[in-house]
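Contents: one structure, followed by commentary.
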Amino acid sequence: MKIALLILLGLALLASTFYIAGMLLPREHEASVSEVISAPADQLFARIDDVTAYPAWRTGTKTVRKVGEENGTERFEEISGFGPMQYDVIAREAPQRRVTRIVDGGGFGGTWTFELKAGSNGTTVTITERGYIDSPLFRLAGRLVFGYGHTIRGYLADLKRAATVPQGNTKPA
């Protein structure tokens, strides 16, 4: 009985420590990752902008559908392994810049800013996430386990692979 009580006490202490550590982290964060991709900016922007084609090249994306417009802003819903998530396109300046915002992340949210800059070796694509995480435990996991740039790096790797395949084709093998 004493051992079970000590184990429970130890687990409670560990959970409390994680929670407090998460509380000490800021709610808001910013992460920015860049990748040079050997493709023209207009081609890459077309891939980024054509959200309904994401399932063909973006890992983990099952379906994407345009929901319509909300107050003059394009809205789409992406369904991945994390479930459905709605986004608004709040800025679009082809082929240099696009900004999307999570409509309701249920405890997290923010924006992704895509910036494309043509260069001699291809196009530098920079994605900047300005987000927030309400839960202290998820904040800690986001910071220490996954890293704030994890999803951005995955997106850029998928975009780089997709740039080698004609638009409209499925994911490369």
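Observations on the structure shown:
- Near the amide H of residue 97, within less than 5 Å, lie the amide hydrogens of 116, all on another chain or at least 5 residues away, with H placed in the peptide plane.
- Total charge dipole magnitude, the chain, about the Cα centre, Cβ charges on Lys, Arg, Asp, Glu only, Debye to nearest 20: 540 debye
- Inter-probe distance in nm under a simple model that places probes 7 Å from Cα toward Cβ, at residue 86 and residue 3: 5.3 nm
- Rounded tilt (10° steps) of 2-24 against the dominant C-alpha axis of the chain: 40 degrees
- In order through the range 42-54: 3J(HN,Hα) via Karplus (6.51 cos²θ - 1.76 cosθ + 1.60), integer Hz, x for Gly, Pro: 5, 5, 5, 4, 4, 5, 5, 6, 8, 5, 5, 8, 3
- Relative contact order (%) - criterion: Cα under 8 Å, at least six apart; region: the range 2-162: 28 percent
- Cα long-axis angle, helix 150-162 against the chain (0 to 90 degrees, to the nearest 10): 30 degrees
- Farthest toward positive dipole pole in the range 2-162 [+1 Lys/Arg, -1 Asp/Glu at C-beta], among 132, 22, 107: 22
- Reachable aspartates and glutamates from residue 62, criterion Cα separation under 16 angstrom, eight or more residues apart if same chain: 50, 77, 78, 158
- Modelled label reach - residue 115, point 7 Å along Cα→Cβ, the range 7-43 residues with backbone N closer than 13 Å: 31-35
Taken together, the values in this text are just the output of simple stated rules run on the coordinates, not laboratory data. Just so it is clear, the model here is predicted, and its values are computed rather than measured. As a convention, Cβ positions derive from the backbone with ideal geometry for all residues, glycine included, and neighbour counts pool all protein chains shown.
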